[in-house]
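Engineer: One structure follows; several queries about it will come next.
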Amino acid sequence: MPATLPSLDPALQRCARKETSGLEQIYRQIAPPIKALAQHVLNDEALAQQALHDSMVMVWQHANHFHPVHGCRPCCGKPLQTSLIELLQPKVG
């Protein structure tokens, strides 16, 4: 049975209150998989780091939209998706 990660809900609530400790906790937990996914999709270390950075900025800026009933996935997953799409657009054209 896979190990489960602690909930990010309290950290997102702290982010919404602009407490940096919330963002630090989120970063520690999700940065490695986000960067790995971005690296896989973009096949570029610098762009993967940019996607991670952009995602964390969006989490910080939009954490107040977090709703505990829906969990952290919409708040954390959407920024990565948006960053990847934006970073891939120049490569596609």
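Engineer: Output the residue which, of all residues in the stretch 43-93 that are within 19 Å of R17 (Cβ to Cβ) and open to solvent by 80 Å² or more (accessible area, probe 1.4 Å), is modelled with the highest pLDDT.
Structural biologist: Here the answer is Q61.
Every residue, every condition in (1) at pLDDT below 90; (2) open to solvent by 40 Å² or more (accessible area, probe 1.4 Å); (3) under 21 Å from H65 (Cβ atoms), yes or no:
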{"residue": "A3", "(1), (2), (3)": "yes, yes, no"}
{"residue": "S7", "(1), (2), (3)": "yes, yes, yes"}
{"residue": "R17", "(1), (2), (3)": "no, yes, yes"}
{"residue": "Y27", "(1), (2), (3)": "no, yes, yes"}
{"residue": "I30", "(1), (2), (3)": "yes, no, yes"}
{"residue": "P33", "(1), (2), (3)": "yes, yes, no"}
{"residue": "A38", "(1), (2), (3)": "yes, no, no"}
{"residue": "V41", "(1), (2), (3)": "yes, yes, no"}
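The values are calculated or read from the model by the stated rules, or taken from the named source; none is laboratory data. Remember, it's a predicted structure, so these values are computed and weren't measured experimentally. Cβ coordinates were reconstructed from backbone atoms using ideal geometry, including for glycine residues, and neighbour counts include every protein chain displayed. These area figures cover heavy atoms from the full protein model, side chains too; ligands, DNA and RNA do not enter into them. Shrake-Rupley method; radii C 1.70, N 1.55, O 1.52, S 1.80 Å.
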